[in-house]
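Structure, as structure tokens:
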Amino acid sequence: MKAKDLRDLSIDELNQKAKDLTDELFKLRFRQSTGQLDSTAMKGKVRKDIARVKTVLRDKEAKSGNA
């Protein structure tokens, strides 16, 4: 997921995307603890995606004056 693509989304869509990614990270952590996760690199990818979404969300909120 690219930050350029995220900038086209609305604030509500970004909030939903962050929630979905957080849920996915929880599921990956759960799968790792039960030994069912083959590649732990997915956790890092999802964490970076969450950071990208939150960064773009913060920028949009600051520009709209809601910060």
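The values are calculated or read from the model by the stated rules, or taken from the named source; none is laboratory data. Note that the structure is predicted; figures quoted are calculated from it, not measured. Here the Cβ positions follow ideal geometry from the backbone for every residue, glycine too, while neighbour counts run over all protein chains shown. To get the accessible areas, we keep the full protein, side chains included, count just its heavy atoms, and leave off ligands, DNA and RNA. Shrake-Rupley method; radii C 1.70, N 1.55, O 1.52, S 1.80 Å.
Yes/no matrix, rows are residues, columns are (1) open to solvent by less than 60 Å² (accessible area, probe 1.4 Å); (2) farther than 19 Å from LYS4 by Cβ; (3) of a type outside the set (A, V, I, L, M):
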{"position": "LEU25", "(1), (2), (3)": "yes, yes, no"}
{"position": "PHE30", "(1), (2), (3)": "no, yes, yes"}
{"position": "GLN36", "(1), (2), (3)": "no, yes, yes"}
{"position": "SER39", "(1), (2), (3)": "yes, yes, yes"}
{"position": "LYS48", "(1), (2), (3)": "no, no, yes"}
{"position": "VAL56", "(1), (2), (3)": "yes, no, no"}
{"position": "ASP59", "(1), (2), (3)": "no, no, yes"}
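Across the range 24-41, the number of residues qualifying as modelled with pLDDT under 95 and touching a helix residue (DSSP H, G or I) at 6+ places or on another chain (Cβ under 6 Å) comes to 1. Right, ASP5: at pLDDT 90 or above, more than 9 Å from the chain's Cα centre (by Cα) and part of a helix (DSSP H, G or I) or not? Here the answer is yes, as ASP5 does meet what is asked. Of all residues in the range 23-54, those that are free of Cβ contacts under 8 Å to residues at least 24 places away in the same chain, part of a helix (DSSP H, G or I) and not acidic (Asp, Glu) total 16. Of (1) touching a helix residue (DSSP H, G or I) at 6+ places or on another chain (Cβ under 7 Å); (2) modelled with pLDDT under 95; (3) under 27 Å from SER64 (Cβ atoms), SER10 satisfies all except one. Which? SER10 satisfies all of (1) touching a helix residue (DSSP H, G or I) at 6+ places or on another chain (Cβ under 7 Å); (2) modelled with pLDDT under 95; (3) under 27 Å from SER64 (Cβ atoms) except (1). With respect to (1) open to solvent by 70 Å² or more (accessible area, probe 1.4 Å); (2) touching a helix residue (DSSP H, G or I) at 6+ places or on another chain (Cβ under 6 Å), the lone exception for LEU21 is condition (1).
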